[in-house]
Every structure is written in C-alpha cells, then in structure tokens.
Amino acid sequence: MSIEKLKYLAKQSAFVRDWARSRRLSRCHPNWDAAIDADRVAWTDLKNSTVGPRVLFCTSLGSSGYGAVTALEGLLGIALTARRATIEYLLCDGILPACQACESSWYPNEKRFALKGPSRAHCRSCYGPAAAAFSALGLPVHQYSGFLTEGDHRAADSFASGAATGLNPQARFDVHALREHALAGTLRFYARGEMAGPLAASVHKRYLKASYLTALVVQRIIEDRGYDVVVTHHGIYVPQGIVAEVARSCGKRVVTWHMAYRKKSFIFSHNDTYHHTMMSEPTGVWEEIPWNESRDKEITDYLKSRAYGTSDWIHFHRKVEDDFAEIQKSLGLRPDLPVVGLLTNVVWDAQLHYPANAFPDMLVWLFETIEYFKKRQDLQLVIRVHPAELRGTVVAMQRVVDEIRNRFPVVPSNVFVVPPDSPISTYALSSRCNAVLIYGTKTGVELASFGTNIIVAGEAWSRNKGFTIDVSSPEEYFSVLDTLPLASGMSEAQVLRARKYAYHFFFRRMIPVDAVNPRTGYPPFDIGLNSVEDVLPGKSVGLDVICDGILTGAPFVFPYELQGSTRSKLIP
C-alpha cells in the first residue's frame, strides 16, 4: 500500500472516530421550526386535511450527501403537504449490515467491517438527526426494523450465501436486480471496478443481505400502508436501487432524483434512475424546441462556463490550462499528426448493466483501444483520465493511470496519458481533436455542441440522439476507428441537434429550486424557507414542476425556454 493511501486512510479513520460529533455540530439537517412556527396553525390544518396521493419518501440514509437528501426531501414533504398530499418517510435505523453510506476509506480496518459492518456511532449519527428533522415536521417517520423479524435476517443470510432456501416465496422482486445493486454497492464501497482481496466476498455478502432485507421492508410497508408513489434518491446502489426495484414490482409509481450539475438544480425521473432514463428518453421531447440566436447563445455560454465550473455545484480544477500550444508542448504532441482524444469514466461508478455497450466494461474498451492505436502510428491518442477519480465524492481506489501502467509497462509512443490531477482543460484539448472516443461520459454532449466528432462505445447519454457515431460491438467500433482521421467535423444539422439536446438536458431536465441556497462544504446547500407560504402552488415554478411530477406523473421538464417577463420568475 502506498504512503499516499496510508495517509489518506489514516485521515479518514480519524474522521470516522469523530463522526457523531461532526454530525451534531454541522448544519447537516435543516431546522424547520422557524418556517413551521411562522404558520403553525396553517401547517396543522394542512396536515389534517390531506386528500391527495399517498407519497412515501424512502430516504433510508439520513447522512447521504451529509444531509443533502434529508434537506431536499424535507422541503418536498412540506411542499407536497401544502398540495394536500399525504407524506410519510422511511429511514434505516441501523439495521442494514451495509449500505451506500459506507466506504472503504472510512473503514480502513477491512476485516472489522467484513465481520461487523458499519459502526454504531456511524449508524446513530446517520439515523438520529434525520429522524429528528423529519419528526419536527410532524409527519410520520417509519424505521426499517419495524418491518423485519429475526427470521428475515436468517433468510437474508441464506440468500447472501446463494442458497435457494433464502428466497421468500411471497417476494415480489427480481432476485437478479437485488444482486446487481448489491454488486454495484460493493464496488462503490471499495471504489473499484472489480472486487479484489480475500475479504471482498464477505463484504459483498453484507450488501447482498442488505439488499434482501431492504426488499422485504419496502414490500411490506407498501402493502401495509398502500402508497401511490414512492420517491427515492438516486435509484441505484443499496438501498435506493432496491427501493425502486421493489416499488415497481408492487405496481407503484416510482420517482428518483439526484443533484444535477447546475447550481440550485436537481434532476428527477419517472420509474428508474436517471442513468437509464436519460438514455431512453424519446428524442421528441427536445427535437422541436423553437430555436433562435438567443437560445443558441444561452447554451453555448453555459457550456463554455463548464470548463471552469462557475455555474455548477462542483468543479474539479481551480485553475485550468486552456492554451493548446502549452498543452501540446507539455504532452510532447507532434503538430504534424492528427490527435484523437479518449475520455474515461470513474471505474467504479454506476456499475449497472447497459445492453448497448460494445465492450464488457470501460477498462476492456480502454485496453483494446490502446492496442489498436499501437498499430496506428499515423495518429496520436491522448487519454484524459477523469478528474473525479481524485476530486469526486468518493475517491477512487482503482485508478486508470495505474491500470494502464500495469497492462502496458511501456506505453506506446503515440499514446499520451493525462492524469486526473492535471490542470489541462479537457475542453481545450478535445477542441483540437479529430475525434473523441467516449464510453459513458456526459462530456460527449458538450463537445458535440461545438462540432467535435464523438464516437460512443458505452452507455453515454448522447447515444442514439442523432449527433454522435454510436457503436454496439467491437467489430463495429474498430471499423469506425479504421476510418480515422475523419475527413470533416460534424454537420451543421448535427451540431444544432447537439445544442438542442444540451439545452434540454442542462436547462430543462435540471430543475431549479428557489429555496435552495448553495454553500461551501457538505451539505452543498442550505434551505432558505421563511414560511410554509413560500412553497404554496404558484410560488416557485421549479417546485411546481417537481410536485406535479410526483403527484400526477407529469414530465419532469422545467419550462426554461419561456421568454420575457416570465423568465425572471423561473430562474433563481
């Protein structure tokens, strides 16, 4: 183990020891008293006069996003109650043997976690503050343990061990889905794209057991309480992915959500995680957006800002190198040979099944691509490793640079690797490429909007939108590579399609919420709510879109294209 990793784990271990104290002292959960006290009588009347749909927020993890999930779901609970819906919450009270709130960097003693799971302090600091925050609203809060028996834990142990006797004959959920999310959760725990080490199987069993227990809880609470809609954050991993799978199997409408890229905004989806819905969304919802110079300028200005992150929640570099002459010099690129870019993803992230992938996983694609370019000395391949490997919410323990070095002790002379901590601008580099190869990064949408040819080999949201070169098999992929360098850039019609989709994706699917105020640290925002009146229908277009989607199934599309005086009311 490297000295760098040892220091990092030591630091995280100290953080875990102080976990409960840090939670008590931080502003992780909103204090709703001020807003409620301002309208206490009106709030009580609203709670007592609900006639609309019954909505369950399966928040589950009180510490997820260091309180960001509970903050937004608390706000939505108030807004939906104001619209006469019946709102209830579900939290894990420390009963799950593993979950998304666990990461290997927080548990450097892997053996201890494999044997005992999350610490009591961890679970208390996750459940307690969240339960208190929701209870302050006077809305029902259910606990996982209230829907489980000792026999369920034995059955879950059996399921985790692969025994058929562990399957509940009354279960209304897909066993394969449980296993997929358990695997994704395990990979997230290790921040790796594959399980490795003697204890990985034991940790994986913890996630399998947690998946099974979550499925039982969600099935039983739905059958007992008769909800109409189930809302869950993210929609993948354990437990949120299991929540969505089981709710669907019970015939309930499912809504998933996640923080979007633009500040103050969130992305909501019906029925599945946005990782899937953004790929399957019909093109008709954005193809006919009326286009003009003003909208073209709005989206291009925003896309340019993404190189610096000035309009987004998160940016990976405080200072970027965007002078291509300097980039060319620092990498040692030959000016007489065409450059092809390759953008990686974080290896462990969202490891779900996507049927359109041309390769089994991103690393296989990466290695096969390097092998190909080793024979193409007429081209230069520049691999830009994703900065989120080091600066993301979960620091990657399996890194692309290391994988390349292990596979290619001597990297081909025409292949150049830009590490995740490099200040080199991905956008400046890609703008000079003849084509850019991607697997699943959303950056393909941005680059295509400026005319860069994009070749898609994986589950990118730009796939099947009419402005990228999409491949679905290795043979098709290498056949396309044989045509490099491409004779021209994208057509004007393709660039227009790319910009319309970018406009739809960044401005319409990302829904701004007025009451959300960005802040430094975690959670990344505060809730600024003066009274219940602030969330009544008509007060916030973003909240109206979200609440209508949850209550009626209306599309989660923000009407950003509205112009004139209306625009000032739409944009926080």
Check: At a Förster distance of 35 Å, what's the computed FRET efficiency of R334 paired with K297, Cβ-Cβ distance as r, to 0.05?
Finding: 0.45
Check: Of the labelled options (i) 39, 30, 22; (ii) 54, 25, 24; (iii) 45, 36, 18, which one gives semi-axes √(5λ) of the Cα gyration tensor in Å as computed for this structure?
Finding: (i)
Check: Based on the Cβ-Cβ distance from R154 to H270, what FRET efficiency comes out when R0 is 35 Å, to the nearest 0.05?
Finding: 0.45
Check: Of the beta bridges DSSP finds with both residues in region 212-287, what % are antiparallel, to the nearest 5?
Finding: 50 percent
Next item on the list: Could you point to the residue in T277, P474, P419 farthest towards the positive end of the chain's charge dipole, with +1 and -1 charges on the Cβ of Lys/Arg and Asp/Glu respectively?
Entry: P419
Note to self: Spelling out what I want: for every residue of region 423-435, take phi, set θ = phi - 60°, compute 6.51 cos²θ - 1.76 cosθ + 1.60 (Karplus), and round to whole Hz; glycine and proline get x.
What the structure shows: x, 4, 6, 4, 6, 5, 5, 5, 5, 9, 8, 5, 7
Check: Farthest toward the dipole's positive end in the chain, which of G553, P338, P239, given Cβ charges of +1 (Lys, Arg) and -1 (Asp, Glu) about the Cα centre?
Finding: P239
Checklist line | Descending principal axes extents, region 291-508, alpha-carbon based, whole Å | finding: 50, 40, 37
Check: When only C-alpha pairs under 8 Å and at least 6 residues apart count, what is the relative contact order of the chain, in percent?
Finding: 15 percent
Next item on the list: Output the antiparallel fraction of DSSP beta bridges having both residues in the chain, as a percent to the nearest 5.
Entry: 25 percent
Check: By the gyration tensor of its Cα atoms, with a ≥ b ≥ c the square roots of the eigenvalues, what is the shape of region 151-265: rounded for a/c under 1.5, prolate for a/b over b/c, or oblate?
Finding: oblate
Note to self: In whole Å, what are the extents of region 349-470 along the principal axes defined by its C-alpha atoms, from largest to smallest?
What the structure shows: 39, 37, 29
Checklist line | Near-label residues of region 191-205 by backbone N, under 14 Å of a point 7 Å along Cα→Cβ of N406 | finding: 191-198
Next item on the list: Run the quick spin-label model on F367 and K319: label points 7 Å from Cα toward the beta carbon, then report their separation in nm to one decimal.
Entry: 3.9 nm
Next item on the list: Taking the dipole about the Cα centre of the chain, with the C-beta of Lys and Arg at +1 and of Asp and Glu at -1, give me whichever of A184, A396, A132 is farthest to the positive side.
Entry: A132
Next item on the list: With a cut-off of at most 14 other beta carbons within 10 Å, and DSSP calling the residue loop, which GluC sites (Glu not before Pro) in region 461-506 qualify? Please list them.
Entry: none
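Only the coordinates and a few stated rules stand behind these numbers; no lab work does. If you're wondering where the values come from, they're calculated on a predicted model, not measured in any experiment. Neighbour counts are summed over all protein chains in view; Cβ atoms, including those assigned to glycine, are modelled from backbone coordinates with ideal geometry.
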